[in-house]
1. Given the structure, is SER246 in contact with a strand residue (DSSP E or B) (Cβ under 9 Å, 6 or more places away or on another chain), touching a residue at least 24 places away in the same chain (Cβ under 8 Å) and open to solvent by 10 Å² or more (accessible area, probe 1.4 Å)?
2. Open to solvent by less than 30 Å² (accessible area, probe 1.4 Å), free of Cβ contacts under 8 Å to residues at least 60 places away in the same chain and farther than 20 Å from SER455 by Cα: is that true of LEU379 in this structure?
3. Kindly indicate which of GLN401, GLN388 is in contact with a Phe, Trp or Tyr (Cβ under 9 Å, 6 or more places away or on another chain), open to solvent by 40 Å² or more (accessible area, probe 1.4 Å) and of a type in the set (S, T, N, Q).
4. With respect to SER338, determine if the residue is open to solvent by less than 10 Å² (accessible area, probe 1.4 Å) and modelled with pLDDT of 95 or more.
5. Quickly run through the stretch 69-93 and pick out the residues that are under 16 Å from ALA44 (Cβ atoms), acidic (Asp, Glu) and not in a loop (DSSP other than H, G, I, E, B).
6. If I ask for residues that are surrounded by 11 or more Cβ atoms within 10 Å (Cβ to Cβ) and either in contact (Cβ under 8 Å) with a residue 12 or more places away in the chain or aromatic (Phe, Trp, Tyr) (or both), which ones from the stretch 300-315 would you list?
7. Residues that are in a loop (DSSP other than H, G, I, E, B), of a type in the set (Val, Ile, Thr) and surrounded by fewer than 19 Cβ atoms within 10 Å (Cβ to Cβ): does the stretch 260-272 have at least one?
8. So, in the stretch 550-567, how many residues would count as being touching a residue at least 12 places away in the same chain (Cβ under 8 Å) and either in contact with a strand residue (DSSP E or B) (Cβ under 6 Å, 6 or more places away or on another chain) or not β-branched (Val, Ile, Thr) (or both)?
Amino acid sequence: MKSTGRYCIGLIVFLLPVLLSSASDQASDQETAPQSASSRIAPATARYYHGDRDGALAQLARISKEYPSDIDAVLNYARLLREAGRFDKAIMSYEHLLSQRTTHVLDEPEAPAYKELQQRVSYEMGRTLVMAGRLEEAVTRLQAALLDGTAQLDRELLDRELLDRELDEGFAHTVRSEQYFWYGIALQELGRHEEASEVLELLVRSVGHHPQALLQLAGARLELADYEGAIQAYERALSQDANLTSALLPLAQSYRALGRRDTAYRLLQRAELSLPWNEDVRAERSSLEDAHPELTEIREAKLAERAATTRAPRVTTLSTERATIPTVRIGLAESVDSLQARSGELWILEEIRDGKAISAVKGTTEELFTIHAHDDNRLEILNENQDQLLLTSETLRIRYQEPDQSTVLFDIEFGHGQFSSGREDRSYRGEIEVFRRDDGMTVVNNVNMEEYLYSVVPSEMPAHWPEASLEAQAIAARSYTIAGMRGRYRERGFDLLSSVASHYYSGITGEHPRTTAAVNATRGQVLSAHGAVLGAVYSANSAGYTESSASVWGSATALVGVSDKMLPERTQPEAPEQLMRWLESSPASYSNIEGLYSRSAFGELGLAYFGQLRMRIF
């Protein structure tokens, strides 16, 4: 199961401030300004922010040659060389820096100069050697850096007293911890799995939160056939960062190796939804089904049992002015071949043409419907006794005489291709529409917008957060919903998706009393600008800074870049090296208050093989 190929590395952040206008001004002004050491690289920085990386590299190469003691210039040059995949030249630049006997510092003149520089450059050089595939050199370099001055650390860190001291000294946020990480990766790539396992276990014991290290540790344990240990590490990695869907396949393989087929099968089904482009996942699932056909039979039997026994919940609804509240059309699923749905009471099944009912079948008690998409572009709907109720090429609609009724959709897929994807039974307020497309059926929920937000708000923000936060989220979500009804998905037959591509919407089971109260308390309130409702986009975490819509989408709106009140305002663009070190840091802000944020959403080191990216893109 050994992976091969070079690495691509990045940091997952939201709304990165680029400040292009400032960079543009610098590009013109700095060419004629007196060239101090700090200003020499400003024109190159401006070129970088405008997408001219080759031009920035050319300028930094000239500055590094003319001013070899300008460490900032050399560091930025090496950083961009690595970003461009020119690893060998980047390594040469780092070697040059390590050979310099200078007290020039990276940022602050009062910082401990040479020792800090040496540690940082050794780390950057070590991981560049790993990316370049020069693994033996990487091991030698990183091992030497780790042993420098603390030769007993790797053997003593498991001692509780020393571990506590390292944590007190901020070990979890230092370059040193990342040296262990890349050292472990180099050992793993060389096939030295036992050593890699020891180093990575040392790291995760010391820092606690490091999902990428846990992922690598799990891989090393899997190579050693330590399946229980691999399972433990994979599951812990996923608990720290649910985005690590690459863990699903090897986790399933580990469970399968232990004979725990049911769990392996469940994980493979989830992996196939999250990673639809991954042929290895599909092959592993098919192999497991061929070897154990009872797994499919058990799954189908459980679905049939749920469909027979589950009842559609009755809901509390808005009692006044329902007619004045807009209806929003939410795309629940596309490319569906067949669907089972349990209705509430007093249902009406209609054929719809041009928005109007042309026929209707009514019922007074709950009914289990089965809907099939036929190749002749018609839909067939059967009742629980398999009697045909309708066969039509028109849209089907299930609605109710009373608004407190709901519909259960069984085993419905959601979040296709996203980390949050899956299959489950979900109950929905309002109406359910089904219409035929070339690739199957599209399923849509027509729902009162305020009641739609009952499910959206707790899905986007934890319901235990402060009341004011929940109300602010309700207003932002309402504004985004109204603005989103202007047409992005209209050609597909709905206004918004039910996934994180719009709002995460799981129906009635996602609702919570505290967020329902927040929606009701802000009913009808929206954000507006220039007489129009604002498309109030939001993210899981801004990491302290937001960006303007002009920089992100090229159109100026009321959405402008602002900084967290606990952080300094950033008015100048950072040079590439300083930018990356800022991204890797975690300064105190309102965006990372303990208990009120997710570390993986705030900003996490991301690591992937080029092969994985190629599989996804192509």
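1. Working: in contact with a strand residue (DSSP E or B) (Cβ under 9 Å, 6 or more places away or on another chain): yes; touching a residue at least 24 places away in the same chain (Cβ under 8 Å): yes; open to solvent by 10 Å² or more (accessible area, probe 1.4 Å): yes.
Yes; evaluated as a whole, the condition is true for this residue.
2. No, not satisfied.
3. On the way: GLN388 fails: in contact with a Phe, Trp or Tyr (Cβ under 9 Å, 6 or more places away or on another chain).
Going through GLN401, GLN388 in turn, the sole match is GLN401.
4. No: the conditions fail for SER338.
5. ASP72, GLU83
6. LEU303, ARG306, ALA307, THR310, ARG311, ALA312, PRO313, ARG314, VAL315
7. Narrowing the stretch 260-272 to residues in a loop (DSSP other than H, G, I, E, B): 260.
Filter once more, so that each one left must be of a type in the set (Val, Ile, Thr): none.
So far as the stretch 260-272 goes, no, none of its residues is in a loop (DSSP other than H, G, I, E, B), of a type in the set (Val, Ile, Thr) and surrounded by fewer than 19 Cβ atoms within 10 Å (Cβ to Cβ).
8. Kept after step one, since they are touching a residue at least 12 places away in the same chain (Cβ under 8 Å), are these residues of the stretch 550-567: 551-552, 557-567.
Then keep just the ones that are either in contact with a strand residue (DSSP E or B) (Cβ under 6 Å, 6 or more places away or on another chain) or not β-branched (Val, Ile, Thr) (or both); that gives 551, 558-559, 561, 563-567.
The total comes to 9.
The values are calculated or read from the model by the stated rules, or taken from the named source; none is laboratory data. None of the values given here were measured: they were computed from a predicted structure. Here Cβ is always computed from backbone atoms with ideal geometry, including for glycine, and neighbour counts include all displayed protein chains. Areas reflect the complete protein model, heavy atoms only, side chains present, ligands, DNA and RNA absent. Shrake-Rupley method; radii C 1.70, N 1.55, O 1.52, S 1.80 Å.
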